[in-house]
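Each value in this text was obtained by applying a stated rule to the coordinates, not by laboratory testing. Quick caveat: nothing in here was measured; it's all calculated off a predicted structure. Because the Cβ atoms are built from the backbone with ideal geometry, glycine has one as well, and the counts that use them run over all protein chains shown.
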Ligand SMILES: Cc1ncc(C[n+]2csc(CCOP(=O)(O)OP(=O)(O)O)c2C)c(N)n1
Ligand SMILES: [Mg+2]
């Protein structure tokens with residue numbers, strides 16, 4: 001008798017790749033692929049989405065300039081990720097809680113932090129860590145914002161609030177244990193959290209394919225009992241609609257959701273200046289530039305007579321001038337000091353810490 005195995009693992013493995021196509025409203029050529037969803041947006045909505053993406057790109061360009069002038073601390077470029085970031089954050093309500101990662105400064109500002117606070121955060125200044133809006137400071141430990149979100153979401157549930165926790169990590173973040181733990185906890189407690197993975201293709205220089213054998217990152221939520229979906233992260237209309245649908249589903253008491261946005265980081269990992277040309281070819285990056293989220297929506301708006309180059313240039317100038325005001329405000333804030341940091345960290349300082357404080361106060365007084 002042929003030795004037929006009790007189970008066909010090869011078929012099970014192949015089935016893992018049998019996943020739905022990423023959700024789109026506008027395709028790469030700016031053609032409408034979901035007319036019904038497209039028609040649910042008014043002309044004003046479409047213009048508003050475009051403005052938000054132009055704002056994010058202007059923020060990126062101006063902040064990179066500040067960085068080159070030595071006026072920023074850590075800054076993670078966002079060019080290419082405008083649809084993924086603005087589309088999802090625009091589905092948030094004021095009462096929702098944001099747990100961002102370091103590349104999510106634009107969402108943090110959209111949710112109510114000031115640009116000045118964001119710039120102070122970049123400089124490591126304590127004033128940049130606290131906002132009037134319901135948001136935590138951007139998380140540097142990759143994947144860890146998912147744990148924060150699980151805890152915050154459980155708190156919102158226990159308080160009976162009509163609010164959810166929105167959180168972001170990258171493709172690399174899903175290779176970290178923290179992200180699994182956060183999702184598992186939220187799944188177990190049916191906590192109202194929306195987990196967003198911005199899959200921009202790379203964790204610094206490590207390509208997505210080398211990080212995991214999982215056919216999609218969305219699948220990583222399945223083991224926690226969390227429904228998940230992939231969305232075209234260069235299509236702001238799709239990102240918005242999917243995040244909005246997720247929020248509705250979560251607030252109806254159905255537990256968490258995970259969304260994987262397929263996007264791309266055009267530039268370097270951070271303003272510290274790694275060179276992407278050392279780990280990816282032009283051949284590989286070109287198709288992503290062709291999918292640009294601004295080009296895509298701009299084309300739709302121009303066809304409808306709702307947008308012009310002049311409109312855009314005027315907006316960019318306005319936005320950039322507001323960022324220049326913001327950095328001036330940040331410059332005017334008294335610099336943070338090591339002694340002040342030590343004092344607020346230790347309610348009861350040990351003798352060693354007391355000595356450190358004295359040492360730094362002496363240094364700082366000069
Ligand atoms: C736990 C942890 N390990 C390593 C790092 C160093 N690190 C900073 S960013 C990064 C890559 C993250 O990639 P991804 O999650 O895809 O986010 P992206 O930067 O692409 O937005 C790594 C490894 C870190 N911050 N935290
Ligand atoms: Mg990444």
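Hey, with R₀ at 56 Å, roughly what FRET efficiency would residue 329 and residue 9 work out to, going by the Cβ-Cβ distance, to 0.05?
Working: r = 60 Å, r/R0 = 1.07.
So the FRET efficiency works out to roughly 0.40.
Suppose R0 equals 41 Å; then what is the FRET efficiency for residue 281 and residue 314 from their Cβ-Cβ distance, rounded to the nearest 0.05?
Details: r = 37 Å, r/R0 = 0.90.
Efficiency at R0 = 41 Å is approximately 0.65.
How large is the translational diffusion coefficient of the chain in µm² per second when you combine the Kirkwood radius over alpha carbon pairs with Stokes-Einstein at 20 °C and 1.002 mPa s? Provide the component values of the computation, followed by the final result.
Details: Rh = 22.0 Å.
Result for D is 97 µm²/s.
Averaging sequence separations of C-alpha pairs under 8 Å and six or more residues apart, then dividing by the length of the chain, give the relative contact order as a whole percent. Mind dumping the intermediate values first?
Values: 611 pairs, mean separation 78.0, N = 366.
Normalised by residue count, the contact order of the chain is 21 percent.
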| Centroid-to-centroid separation of segment 286-358 and segment 90-161 [C-alpha atoms, Å] | 14
| Highest mean first, what order results for 302-312, 286-296 on Cβ atoms within 10 Å? | 286-296, 302-312
| Using 11 Å as the cut-off for backbone N distance, which residues of segment 63-91 belong to the label zone defined by a point 7 Å from the Cα of residue 270 along Cα→Cβ? | 73-77
| Quick one: 88, 350, fewest Cβ neighbours within 10 Å first, how do they rank? | 350, 88
| query | Per the Kirkwood formula on distinct C-alpha pairs, the Rh of segment 178-246 is how many angstrom? | reply | 13.3
| field | Ranked packing of 231-243, 187-199, most packed first, by mean Cβ within 10 Å | value | 231-243, 187-199
| task | For segment 87-165, evaluate the Debye formula with one uniform point scatterer on each Cα (no solvent term) and list log10 I(q)/I(0) at q = 0.20, 0.28 Å⁻¹, rounded to two decimals. | result | -0.87, -1.40
| query | Hey, what's the Kirkwood Rh for segment 155-216 if you take every pair of different alpha carbons, in angstrom? | reply | 13.0
| request: Under a 10 Å cutoff between Cα atoms, tell me which one of 253, 143, 273 has the largest fluctuation in the Gaussian network model of the chain. | output: 273
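How would you rank 64, 341, 258, going from fewest to most other Cβ atoms within 10 Å of each one's own Cβ? Write down the numbers at each step before the final one.
Working: 64 18, 341 15, 258 27.
Sorted ascending by nearby Cβ count, the order is 341, 64, 258.
Quick one: length gained pulling residue 340 to residue 21 fully straight, 0.36 nm per residue minus the C-alpha distance?
Numbers: separation 319, 0.36 × 319 = 114.84 nm, distance 5.23 nm.
Result: 109.6 nm gained on full extension.
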| request: Could you check which residue among 138, 351, 227 shows the biggest mean-square fluctuation in a GNM of the chain with a 10 Å Cα cutoff? | output: 351
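So what is the 222 nm mean residue ellipticity for the chain from helices alone, if each DSSP H run of at least 4 adds -39500 (n - 2.57) and you divide by all residues, rounding to the nearest 500 deg cm²/dmol? Don't jump to the answer; show the numbers that get you there.
On the way: 15 runs with 172 residues, N = 366.
Helices in the chain give a 222 nm mean residue ellipticity of -14500 deg cm²/dmol.
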| task | With label points built 7 Å along Cα→Cβ from the Cα atoms of residue 347 and residue 161, find their separation and express it in nm. | result | 2.3
| Can you list, bin by bin at 5 Å, the percent of alpha carbon pairs in segment 242-303, starting at 0? | 3, 13, 15, 13, 14, 13, 14, 10, 4, 1
| task | Would you mind ranking 167, 251 by Cβ crowding within 10 Å, fewest neighbours first? | result | 251, 167
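Please quote Rg/Rh for segment 108-249 to two decimal places, taking the Kirkwood radius as Rh and restricting both calculations to Cα atoms. Walk me through the numbers on the way to the answer.
Numbers: Rg = 15.5 Å, Rh = 16.1 Å.
Rg/Rh: 0.96.
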